[in-house]
1. Is it possible to state the helix-based mean residue ellipticity at 222 nm for the chain, with each DSSP H run of 4+ residues giving -39500 (n - 2.57), the sum divided by total residues, to the nearest 500 deg cm²/dmol? What is it?
2. Projected onto the charge dipole of the stretch 144-297 (+1 at Lys/Arg Cβ, -1 at Asp/Glu Cβ, origin at the Cα centre), which of LEU278, PRO249, ALA162 gives the Cα projection farthest towards the positive end?
3. Starting from the alpha-carbon convex hull of the chain, give the projected area averaged over all orientations, in nm².
4. May I ask which residue of PRO30, ALA183, VAL130 lies farthest towards the positive end of the charge dipole of the chain, with charges of +1 (Lys, Arg) and -1 (Asp, Glu) on Cβ and the Cα centre as origin?
5. Using the Karplus curve 6.51 cos²θ - 1.76 cosθ + 1.60 with θ = phi - 60°, work out ³J(HN,Hα) for each residue of the stretch 189-203 in order, rounded to whole Hz, and write x for Gly and Pro.
6. Hey, what angle do you get for helix 281-301 against the long axis of the chain, alpha-carbon based, 0 to 90 degrees rounded to 10?
7. Taking 1 over the mean of 1/r across every pair of different Cα atoms in the stretch 1-145, what Kirkwood radius in Å do you get?
8. Could you tell me which residue out of PHE118, VAL288, LEU218 lies farthest along the dipole of the chain toward its positive end? Charges go on the beta carbon: Lys and Arg +1, Asp and Glu -1, centred on the Cα centre.
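The values are calculated or read from the model by the stated rules, or taken from the named source; none is laboratory data. These numbers were taken from a predicted model, which means no experiment stands behind them. Backbone-built Cβ (ideal geometry, glycine too); neighbour counts: all protein chains shown. Just the protein is used for accessible areas: all its heavy atoms, side chains included, with ligands, DNA and RNA removed. Shrake-Rupley method; radii C 1.70, N 1.55, O 1.52, S 1.80 Å.
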Amino acid sequence: MSDDDERVETAPEGSTCNKHPERPALVTCPRCGNHCCLGCWQASAQRCHECLLRDPGPPVPWADPERGAVAGFFGTLAEALSPTKSAPALTRGDWREGISFALITCLPMALITGIIPFTHTIAFGQTFGVTLIGSPSSAELGLDVARAVGVGLLVTAARMAAIAVPYLSLTKAYGQPIEAQPARQGLLYRAWLLLLGGDTGVLFGLVVWALPAEPTDLMILGAKIASLLPLMMLFFSLSSTARVAGVGPIAAMVVVIVPFVILFIGEPLLIEALAPILPDSETIREAVDQSASILKRSPSTT
Ligand SMILES: [Zn+2]
Ligand SMILES: [Zn+2]
């Protein structure tokens, strides 16, 4: 614990970075005493890049053999809330250990994500109400749900690719080769935030389901903002991860901005391309309204 108390001092006036003689030094590393430029200084670990790689601190809870599976699981989920502090751990260990965590967190969400927005026979709304549209047989219902799950998986795979492919190639281009593959670890341990957030994310679906029959504009705005929070957490996680992967401070923003721009442009295009097979929102609203009027009428008729 005394490591955290190490005083960080500014580099002497006029000194240059030990690794980059052409750059001015800003900080003296409390570990090795080297003078560091802005690029070499790892603020998240309060030491230089070399010292970070030599001693990255405690492992990701999921990959920590001293923790049980449950504590490791929830510990890793909670670390998403401190993207900077938890980033150094991603530079150690074997990135393959993150695969099981990604499957456990993402697979259930990927399977349910399509059901609320993409079913034709079930309308969700009215404070967790469920309304059948028309009078589908159980076979029709089953097929419809299976198809919605399929569309959800397709959209999820496309969203993941939109973030992962440019992020991995850009961090590789701007960062340093590190055996533990921090960029891959960052994606595996934080991909669940992508499935939770955004217009097609699980959170937005659930919030829309929870809203009353006639939500106010403020409620819809609130739902939109809530659905953006996980994406913001993902943004900062991936940016901090790029930083510990040796990407410079400004480039660490760029390597995340590019994937997010691709996501925000690509997602509406994909939904539009899928429109012919997606349920018509007018039909859903009518079904919900109809059931609402039936519900309102029923006390007076009985
Ligand atoms: Zn150092
Ligand atoms: Zn430097």
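1. Numbers: 11 runs with 175 residues, N = 302.
The per-residue figure over the chain is -19000 deg cm²/dmol.
2. PRO249
3. With the hull built on Cα positions only, its mean projection is 20.4 nm².
4. After comparing all options, I get PRO30.
5. Working through the residues one at a time gives 7, 10, 4, 4, 5, 5, 6, 6, x, x, 4, 9, x, 4, 5 Hz.
6. 60 degrees
7. So the Kirkwood estimate lands at 19.6 Å.
8. PHE118
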